[in-house]
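Nothing in this text is a laboratory measurement; each read-out follows from the coordinates by a stated rule. All values reported here derive from a predicted model rather than from experimental measurement. FYI the Cβ positions are ideal-geometry reconstructions off the backbone, even for glycines, and counts take in every protein chain you see.
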Amino acid sequence: MARKKEKTSGGMGFGAEEKGEALEAEGLKRKDLDKGEVELVDRDTKTPYIETYDKKTGEIEGAIYLKDGSRTGLTAQVKIIEDVKVEQDHDAATQSIEFNGKLDVVNPSKVDRLWDIDITLKNIDSTNLKSDAIKIQELGITDKDNTDSREFKISGEAKNLLLVKEYINTMPDGDSVLSRNDIDSNLINLKDKTSSSRKSSSREDERTDAAAGESIESFGISINKETPVHFAIALNSLFEKPIKNIKVVKNIPDYFAKPNVRDQSVGVAEVQGSQLVWNIDSLPSNKTVICKFSCDITVSDIEAKKTGTIEVTYEAASSFAGGLGIDKFDAYTSNRFYVDIIERDAEPGVWDCKLVFENTSQFIVELFNADVYAPEEESKKFVDVDPEDVPMLPAGAQWHSKKWEYKSDDYPSFRKMLEFRVVPDFITTVNGTIAISDVELTIASMTGEVQYAIGEEPTVKEIEGKLVQVPTFKEKDVLAVHKLANNGSAPLNEITIEHQYFSDQFKAPDSKEVKLIWDGSEVDLASAAVSVDRNVLRIELKDLKDSSTGMLKPESSIEVKYPIHCANPEKEAKFETEVLHRGNTYPPSQPIEIRPVVPVIEAVHIRRKFRIGKEVVAIGDLGNYKIILTVENIGDMPLPNLVLMDKVPDKFEYGDYSGEQPEITDEVGSDTLKWKIEELKEKERLEFSYEIHGKGEYSPSEAQLAY
């Protein structure tokens with residue numbers, strides 16, 4: 001018997017294309033995928049036969065005779081079934097992948113068994129399958145014995161093959177910020193970041209490190225203000241073949257109002273109750289599709305608001321497990337072949353011969369090797385069908401070779417080699433589910449106030465007042481204190497203070513004079529953070545996330561202090577100014593703007609006029625005197641912080657005070673009486689008195705001395 005021809009793997013079955021799609025290369029198209037039924041494709045469907053040709057010579061090699069014109073038959077089904085559940089965070093980092101794989105070899109026929117089944121798998125390295133060769137002795141025709149099934153898992157690291165990313169922007173122009181080009185760029189970066197080995201981190205760290213859209217996303221919203229929130233959901237498939245029946249469900253929390261679908265590049269998206277539902281029939285590989293929608297939100301507290309989870313389901317026709325597939329398939333079923341040998345009527349010893357192969361099964365089979373050799377000469381072939389000329393025979397069909405002439409007085413005897421296989425249908429089905437966690441919209445809020453002080457810290461009176469007075473034609477510093485506190489739930493990455501309308505009489509500070517106090521402790525402030533431009537002082541704290549202090553977290557506060565230099569202001573000169581406090585989150589959102597009430601600095605023309613008097617009156621017994629001290633404001637403005645002192649003469653005792661009791665010091669000698677007057681109002685006169693009593697050799701005239 002002659003040597004077997006080597007089988008080729010080309011044209012031996014289906015890939016995982018859509019049901020009913022014509023596959024001209026294989027010459028078949030699916031008719032009923034569930035039953036495993038396919039149909040032979042032929043241009044001339046009117047004839048009861050199909051001619052077959054030698055591809056090298058182009059000559060007719062034989063013909064397929066159809067049974068009742070039927071071009072259909074069953075296939076042996078090789079099914080790769082995978083259930084994949086992926087959990088990922090907002091930044092498309094895979095948190096977990098649950099995978100269950102099953103390889104089923106199925107005989108769909110209820111009449112014909114399959115036997116001697118040999119399968120060679122490809123790309124098993126990504127699975128825990130130990131061998132790429134599968135041998136099945138036989139498959140029966142009942143539900144108990146018509147399926148060979150084996151389970152497998154993914155070995156090593158798995159990657160999510162359907163990239164889903166939600167983008168959120170709370171800026172007024174968020175819809176234009178979430179552009180197709182920018183989203184495409186971010187998705188390209190994300191394709192290398194879908195590994196399940198990536199561990200979850202804090203929300204702040206993820207936003208800082210994520211490549212997924214940090215430049216086009218923002219999550220901060222303002223309190224007591226209606227904020228439009230723009231959403232975009234983008235999908236990009238990394239499967240080799242198109243996926244189908246994609247359903248995206250976005251859950252919308254009830255504190256979002258007026259959900260509105262703005263656009264979708266494919267499929268149909270609509271709001272259904274508290275959900276956005278986006279259905280897509282098919283998604284090709286490496287194509288990005290986007291659905292945009294918006295909602296409004298208004299919050300009255302600082303509690304962060306979740307944006308709602310997303311669930312995605314889909315079906316894929318290429319293996320999730322690193323391209324697991326079928327490289328080779330062989331199987332046998334019921335068949336019959338024979339050679340018709342007919343001696344000619346008018347020519348005894350001349351025989352007309354023909355090889356017939358009959359497919360007696362319900363399957364479509366491939367006759368990939370049909371050889372008939374001359375009995376006396378092995379190298380001579382009357383029939384030579386090689387793997388490049390494979391005829392496919394529908395159920396019940398026969399293949400008849402072209403006739404050959406053979407001369408012999410004896411009964412001819414031919415050696416025959418026939419090989420065939422049942423046509424397989426390779427079906428890969430991935431049932432995928434992706435659960436995407438939501439993100440929090442944080443409330444950006446802060447307080448800001450401005451205080452002035454004559455001194456190192458504002459007094460209660462200065463804090464409560466709105467006017468600070470400085471003298472005319474003198475140099476005097478007024479301390480400006482900006483107090484800002486984060487009373488929201490979002491960390492602040494940028495803080496800016498703008499103080500306007502500085503002039504030659506009221507000068508801005510030097511950068512070295514500006515101090516920053518962070519939660520009660522002074523921290524270094526870069527000189528570049530302070531600038532004066534067109535009489536506007538700016539103090540800018542930028543990129544705090546990259547600084548030693550970090551961002552200004554909720555419940556933290558800062559103080560910014562610096563002197564306002566009052567340089568010889570003229571009479572009635574005023575420093576009436578405006579201050580703007582601005583803050584923003586990371587990623588940036590709508591900035592917070594506060595315009596606090598700012599005290600006024602007024603130059604007061606102070607010329608102090610007052611009168612101090614002293615009277616000594618003898619009283620009672622000898623040696624007893626009453627000392628009367630007076631101070632009178634004879635000007636036209638209050639006099640602050642006056643001090644009145646009197647020295648008690650030696651050899652005298654003192655006491656019996658009227659009015660406020662003095663402080664006893666030794667500032668001008670021993671036993672000096674000191675009265676402090678916080679303010680002496682215009683035209684006001686105050687009197688203080690005490691009595692003295694001489695002892696020993698005293699001199700009453702010493703009491704005349706005044707200080």
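Which pairs break 32 Å Cα to Cα here: Lys159/Lys305; Lys647/Lys681; Lys305/Lys461; Lys159/Lys328? Mind dumping the intermediate values first?
Values: Lys159/Lys305 30 Å; Lys647/Lys681 26 Å; Lys305/Lys461 41 Å; Lys159/Lys328 27 Å.
Flagged as over cut-off: Lys305/Lys461.
List the pair-distance distribution P(r) of the chain, using every Cα-Cα distance, as the percent of pairs falling in each 10 Å bin from 0 up to the bin containing the longest distance, rounded to whole percents.
Bins of 10 Å from zero give 2, 11, 13, 11, 11, 9, 8, 7, 6, 5, 4, 3, 3, 2, 2, 1, 0, 0, 0 percent of pairs.
With +1 on each Lys and Arg Cβ and -1 on each Asp and Glu Cβ, how big is the dipole of the range 247-319 about its Cα centre, in debye rounded to the nearest 20?
Working: 8 positive and 9 negative charges, 37 e Å.
My answer is approximately 180 debye.
Within the range 572-612, what residues put their amide N at less than 15 Å from the label point 7 Å along the Cα-to-Cβ vector of Glu684?
609-611
Please determine, in degrees from 0 to 90 and to the nearest 10, the orientation of helix 180-190 with respect to the longest principal axis defined by the Cα atoms of the chain, where the helix direction is its Cα long axis.
80
Just name one of Pro259, Ser282, Val229: the one whose Cα is farthest towards the positive end of the charge dipole of the range 162-316 (beta-carbon charges, Lys/Arg +1, Asp/Glu -1).
Towards the positive end, the residue furthest out is Ser282.
Going Cα to Cα from Lys403, which lysines come in below 17 Å? Please leave out same-chain ones fewer than 8 positions away.
Lys354, Lys380, Lys381, Lys416
What share of all Cα pairs of the range 610-704, in percent, falls into each consecutive 5 Å distance bin?
Percent of Cα pairs in each bin: 3, 13, 24, 23, 17, 11, 6, 3, 1, 0.
How long are the semi-axes of the equivalent ellipsoid of the range 266-317, defined as square roots of 5 times the Cα gyration tensor eigenvalues? Whole Å, largest first.
Values for the range 266-317, descending: 30, 12, 11 Å.
Once the dipole of the chain is set up with Lys and Arg at +1 and Asp and Glu at -1 on Cβ about the Cα centre, which of Gly455, Leu74, Pro391 lies farthest towards its positive end?
My answer, from the dipole projection, is Pro391.
Please express the shape of the range 558-641 as an equivalent ellipsoid: the semi-axes are the square roots of 5 times the eigenvalues of the C-alpha gyration tensor, given largest first in whole angstrom. Mind showing how you got there, number by number?
Details: eigenvalues 617, 68, 17 Å².
After diagonalising the Cα gyration tensor, the semi-axes are 56, 18, 9 Å.
Listed highest first by mean packing, meaning other Cβ atoms within 10 Å per residue, what order do 338-346, 85-93 come in? If you can, show how the numbers build up before the last one.
On the way: 338-346: 11.3, 85-93: 21.8.
The peptides rank, most packed first, as 85-93, 338-346.
Any idea what the dipole of the range 527-644 comes to, in debye rounded to 20, about its Cα centre with Lys/Arg Cβ at +1 and Asp/Glu Cβ at -1?
Values: 16 positive and 16 negative charges, 42 e Å.
I would put it at about 200 debye.
Of the options Thr630, Leu642, Ser670, report the single residue whose Cα projects farthest towards the positive end of the charge dipole of the range 610-704 (beta-carbon charges: Lys, Arg +1; Asp, Glu -1).
So the residue we want is Thr630.
Taking the highest mean first, how do the peptides 56-66, 283-293, 674-684 order by number of other beta carbon atoms within 10 angstrom per residue? Mind showing how you got there, number by number?
Details: 56-66: 15.6, 283-293: 18.2, 674-684: 13.7.
The packing order, highest mean first, is 283-293, 56-66, 674-684.
For the chain, what does the helix formula give at 222 nm: sum of -39500 (n - 2.57) over DSSP H segments with n ≥ 4, over the residue count, nearest 500 deg cm²/dmol? Numbers along the way, then the final one.
On the way: 4 runs with 27 residues, N = 707.
After summing the helix terms and dividing by residue count, I get -1000 deg cm²/dmol.
Given Cβ point charges of +1 (Lys, Arg) and -1 (Asp, Glu) and nothing else, what value in debye, to the nearest 20, does the dipole of the chain about its Cα centre take? It would help to have the intermediate numbers written out before the result.
On the way: 90 positive and 130 negative charges, 154 e Å.
Result for the chain is approximately 740 debye, rounded to the nearest 20.
With every atom except the alpha carbons ignored, what do you get for Rg and Dmax of the range 162-316, in angstroms?
Both quantities, over Cα of the range 162-316: 15.6, 49 Å.
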